[in-house]
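One structure is given below, encoded as structure tokens.
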Amino acid sequence: MIKNDLFLRALKGETVERPPVWMMRQAGRYLPDFMKLKEKYDFFTRCQTPELATEITVMPIKQIGTDAAILFSDILVIPQAMNIEVEMKNGVGPWLPNPIRTAADLDRVVVPDVADSLSYVMQAIDLTKQELNDEVPLIGFAGSPWTILCYCVQGQGSKNFDKAKEFCFTQPEAAHELLQRITDTTIAYLKLKVKHGVNAVQVFDSWGGMLSPVDYQEFSWKYIQQIVDALKPETEVIVFGKGCWFALGDMAKSGASALGVDWTCSARNARYLTGGNITLQGNFDPSRLFSPPATIKKMVKQMIDEFGKDKFVANLGHGILPNIPVPNAQAFVDAVKEY
């Protein structure tokens, strides 16, 4: 039994004494101890070394006291497992030297045996579960198929993912084939994570907001729905689409346990669009953590007042920024705990 099960109770929609709190990207770059490891080991070494991934996952639990841990990893381990080369370049971010641009390029893309190709992730889960000792739940995650396709086709991060969209709109058959292979791999990957003991999973659709509502249905949502359908009998599923407020109505009917909301969508709108019955997660602007701690605390209280304490998980509206002072992150967590 998980000792602090507040997060899991909120996902089930139960009445809670206060909302649970965690932060996207909490296991990472704003923590001084993480930066020390970053100086010693490159990015994918940290992801692929179970002991390092475990150490990083547990850091925020020990240091700022969030109510859930999220496994340190990256969404791009999926294309790596699918035989698509991914590097992490300093100052550039993700870099894929051989992007997918044609149907012929799909010949080299495999649906892998995830137990083999992503065994290091499962080892990290096993180690992390031991280390956490059932103090708090552990979240496993994956990128949405559309978001993964964006990197696979564009070859790097982008402000508009124009090449990815061009691929979908000029070669839709190839695009759907790639999306389905990513979906099948992701389902197998998340199911294996659940088998190894994660208590919930989150699907990050970081670039969903790049698509129009109509294109979102075709190229993103129908694949996320497959993931929700496959995982919901086994665990709690959270779906977070950045910039996807227009899809919240469909998301609410999907069978997901909770929906992430970014800071551009008010609590009132999010509750209205989702019908008021599903747990919501969010939506503090990550940049607001630059505000003085007293301001952060006041704004967090206001956020919870607006969402309501039940069916709500306090979080940021996207990942924590690297240059946030630790005391400010602490103020965010403390404000929720003091509610």
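The values are calculated or read from the model by the stated rules, or taken from the named source; none is laboratory data. Only a predicted model underlies this, so the values are computations on that prediction, with no experimental measurement involved. Every residue, glycine as well, gets a Cβ built from its backbone with ideal geometry; the counts of neighbours run over all protein chains shown. These area figures cover heavy atoms from the full protein model, side chains too; ligands, DNA and RNA do not enter into them. Shrake-Rupley method; radii C 1.70, N 1.55, O 1.52, S 1.80 Å.
Backbone phi angles across region 126-139, fed through the Karplus curve with coefficients 6.51, -1.76 and 1.60 (θ = phi - 60°), yield HN-Hα couplings of 4, 5, 5, 4, 4, 5, 6, 6, 6, 5, 9, x, 10, 9 Hz in residue order; Gly and Pro are listed as x. What is the set of long-range amide H partners of Arg25 at a cut-off below 5 Å, with H atoms built 1.01 Å from backbone N? Residues meeting the amide H criterion: Ile320. Taking amide H positions as modeled 1.01 Å from N, with prolines and chain starts lacking one, the residues under 5 Å from Glu236 and 5 or more places away or on another chain are Val201. Both radii are taken from the alpha-carbon atoms of region 127-237; with Rh as the Kirkwood radius, Rg/Rh is 1.04. Simple spin-label estimate for Lys159 and Thr295 gives 2.6 nm between the two label positions (7 Å along the Cα-to-Cβ direction from each Cα). Residue-wise HN-Hα couplings along region 165-180, as the Karplus relation 6.51 cos²θ - 1.76 cosθ + 1.60 with θ = phi - 60° gives them from phi, are 5, 4, 4, 5, 8, 9, 10, x, 5, 5, 4, 5, 5, 5, 4, 5 Hz; Gly and Pro carry x.
With R₀ fixed at 41 Å, the C-beta to C-beta distance from Thr15 to Asp215 puts the FRET efficiency at about 0.55. Can you pull the percent of region 98-160's accessible area that's carbon plus sulfur, 1.4 Å probe, other chains left in place? Carbon-and-sulfur percentage of accessible area, whole number: 45.
Of the chymotrypsin sites (Phe, Trp or Tyr not before Pro) in region 117-193, not one is in a loop by DSSP (not H, G, I, E or B) with at most 16 other beta carbons within 10 Å.
The long axis of helix 222-231 is offset from the longest Cα principal axis of the chain by roughly 60 degrees. Each helix, a run of at least 4 DSSP H residues, gives -39500 (n - 2.57); summed and divided by the residues of the chain, these come to -13000 deg cm²/dmol at 222 nm.
When you restrict to C-alpha pairs under 8 Å that are six or more residues apart and normalise by the size of the chain, the relative contact order lands at 23 percent.
Among beta bridges identified by DSSP and lying wholly in the chain, the antiparallel ones come to about 15 percent. What the phi angles of region 19-34 give under the Karplus curve with 6.51, -1.76 and 1.60, with θ = phi - 60°, is a coupling list of x, x, 9, 8, 10, 4, 6, 5, 8, x, 5, 8, 8, x, 5, 5 Hz, glycine and proline written as x.
In region 201-339, the portion of solvent-accessible area held by carbon and sulfur atoms comes to 54 percent [1.4 Å probe, whole percent, DNA, RNA and ligands not counted].
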